[in-house]
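*Asks:* Supplied in structure tokens, the structure appears directly below.
The values are calculated or read from the model by the stated rules, or taken from the named source; none is laboratory data. Bear in mind the structure is a predicted one, so any value in this text is a computation, not a measurement. Cβ placement follows ideal geometry from the backbone for every residue including glycine, while neighbour counts extend to all protein chains displayed. For accessibility, only protein heavy atoms count, side chains too; no ligands or nucleic acids. Shrake-Rupley method; radii C 1.70, N 1.55, O 1.52, S 1.80 Å.
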Amino acid sequence: MLLGSALSLLSLSACVIGPSFQAPKLSIINVGMVSGDIFSQQFRIRLHVQNPNDRELPIKGIEYQLYLQGDSFADGVSDQPFVVPALGTAEFDTVVNTNFMSGVARLLTKMNDGNNVQYTFVGKVMLSKGMLRNIPFNSQGVVELNLKK
């Protein structure tokens with residue numbers, strides 16, 4: 001009886017999650033300074049989310065860490081809910097705070113290709129419904145860094 005219940009639960013979760021579920025792909029479109037002084041800066045990060053699944057993803061937030069040129073630049077939680085359509089894409093902005101000593105100063109010394117910087121973006125996408133609530137992600141690429149307000 002207990003084994004039958006466990007098997008039923010497993011098959012139900014397979015239907016909800018699906019055997020071919022794939023994590024969404026997140027990439028950074030741009031990073032630009034919004035405001036700043038010598039002590040702290042605010043940057044707007046524009047993100048692109050691609051949903052490779054045949055069902056929509058109701059995202060309630062993203063918990064992340066952003067590394068630029070190999071150094072920790074920002075981390076936080078974006079709590080702006082949005083929906084990525086099935087087999088579709090969505091874009092959204094999040095604003096992060098940094099301070100000159102911990103992030104921007106080190107970054108400026110490592111920039112050697114104009115304003116292009118290598119990024120690593122890791123974290124988890126938090127869904128508002130469904131059996132699977134947290135989906136880890138890890139993306140890398142190159143993005144233009146705009147330090148002009």
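*Asks:* Going through the range 85-98 one residue at a time, which ones are open to solvent by 40 Å² or more (accessible area, probe 1.4 Å) and either assigned to a strand (DSSP E or B) or in contact with a helix residue (DSSP H, G or I) (Cβ under 9 Å, 6 or more places away or on another chain) (or both)?
*Replies:* Hits for the range 85-98 are 89, 91, 93, 95, 97.
*Asks:* In the range 134-149, which residue that is at pLDDT below 90 and either surrounded by 12 or more Cβ atoms within 10 Å (Cβ to Cβ) or touching a Cys at 6+ places or on another chain (Cβ under 9 Å) (or both) is nearest to residue 38 (Cα to Cα)?
*Replies:* It comes out as 147.
*Asks:* Take the range 49-84 and flag every residue that is closer than 23 Å to residue 129 by Cα, open to solvent by 10 Å² or more (accessible area, probe 1.4 Å) and part of a strand (DSSP E or B).
*Replies:* Listed by number, the residues that qualify are 50, 58, 60, 63, 64, 76, 77, 82, 83.
*Asks:* If you don't mind, another one. Is there any pair with a first residue in the range 39-63 that is in contact (Cβ under 8 Å) with a residue 12 or more places away in the chain and of a type in the set (Ser, Thr, Tyr) and a second that is in a strand (DSSP E or B) and surrounded by 19 or more Cβ atoms within 10 Å (Cβ to Cβ) whose Cβ atoms are under 8 Å apart and which are 6 or more apart or on different chains, and what are they?
*Replies:* From residues that are in contact (Cβ under 8 Å) with a residue 12 or more places away in the chain and of a type in the set (Ser, Thr, Tyr), the pairs are 40/98.
*Asks:* Within the range 27-48, restricting attention to residues that are under 10 Å from residue 97 (Cβ atoms) and surrounded by 16 or more Cβ atoms within 10 Å (Cβ to Cβ), which residue is modelled with the highest pLDDT?
*Replies:* Out of the qualifying residues, it is 43.
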